[in-house]
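Here the structure comes first, spelled out in structure tokens, and everything after it is commentary.
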Amino acid sequence: MRIEGGCHCGAITFEVDVDPEKVYVCNCTDCQVLSGSPYRIVVPAEVAKVRLSAKPKIYMKTAQSGRSRQQAFCADCGTPIYSRGVGEDEGRLALRWGTIRQCEELKPVRRARCRSSPSWIGEVNDLPASETA
């Protein structure tokens, strides 16, 4: 599936083909801290196929496993764009679902690292809701 997207301010845009059957939810504590949310939706892509309009700022984080990952974000507005491994993991990256224009079509097919998931996450749909703030 061809997708396109970009950061909030428009300084970085991207285009790539992805497999919608590989989209997943990550509940790890690093994703929680870096997204400010109880989970992050990940859209895997091959680095060689991604066309970026500009180079993002990179923050290197070390996971609890000891593995390093590049966290790419817009230096102007701070929008997270993707994460990418180093070494043998360098060929794939994980696009951030919220930056994708076709995000509604990219429904997660699995959840990962659920040990860190908040106990109340399944109750969110039961909360009172409104169409606007």
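A short reminder: the numbers here are calculations on the coordinates, not readings from a lab. Keep in mind that what you see is a predicted model, and the values were worked out from it rather than measured. Note that we place each Cβ from the backbone using ideal geometry, even for glycine, and neighbour counts take in every protein chain shown.
When only DSSP loop residues count, what GluC sites (Glu not before Pro) in region 1-96 have their Cβ near at most 16 other Cβ atoms within 10 Å?
Answer in residue order: 90.
Under 14 Å from a point placed 7 Å out from the Cα of residue 109 along the Cα-to-Cβ direction: which residues of region 1-33 have their backbone N that close?
Taking a point 7 Å out along Cα→Cβ of residue 109, the residues of region 1-33 whose backbone N falls under 14 Å are 1, 18-25.
Using unit Cβ charges (K, R positive; D, E negative) and no other charged atoms, how large, in debye to the nearest 20, is the dipole of region 2-118 about its Cα centre?
Rounded to the nearest 20 debye, it is 340 debye.
Give the residue from 132, 43, 56 lying farthest towards the positive end of the charge dipole for the chain; charges sit on Cβ (+1 for Lys and Arg, -1 for Asp and Glu) and the dipole is referred to the Cα centre.
56
For region 64-133 and region 1-63, what is the centre-to-centre distance using only Cα atoms, to the nearest Å?
7 Å
For an R0 of 22 angstrom, estimate the FRET efficiency from the Cβ-Cβ distance between residue 61 and residue 89 and round to the nearest 0.05.
Numbers: r = 13 Å, r/R0 = 0.60.
Plugging the Cβ-Cβ distance into 1/(1 + (r/R0)^6) gives 0.95.
Using a Förster radius of 30 Å, what is the FRET efficiency between residue 126 and residue 77 based on their Cβ-Cβ separation? Nearest 0.05, please. Spell out each step's value before the answer.
Numbers: r = 33 Å, r/R0 = 1.11.
Given R0 = 30 Å and the Cβ-Cβ separation, E is 0.35.
At 7 Å along Cα-to-Cβ for each site, give me the label-to-label distance between residue 48 and residue 119 in nm.
Placing both labels 7 Å beyond Cα along the Cβ direction yields 4.8 nm.
Can you give me the relative contact order of the chain as a percent, contacts being Cα pairs under 8 Å and 6 or more apart? Write out the running numbers ahead of the final one.
Working: 254 pairs, mean separation 39.1, N = 133.
Averaging sequence separation for qualifying contacts and normalising by length gives 29 percent for the chain.
Select from 108, 91, 5 the residue farthest towards the positive end of the dipole of the chain; place +1 on Cβ of Lys and Arg, -1 on Cβ of Asp and Glu, and compute about the Cα centre.
91
Could you identify which residue out of 117, 83, 65 has the top mean-square fluctuation in a GNM of the chain using Cα springs shorter than 10 Å?
65
State the extension gain, in nm to one decimal, for the chain segment bounded by residue 101 and residue 35, taking 0.36 nm per residue of separation less the distance between their alpha-carbons.
Details: separation 66, 0.36 × 66 = 23.76 nm, distance 1.84 nm.
Here the segment from residue 101 to residue 35 would lengthen by 21.9 nm.
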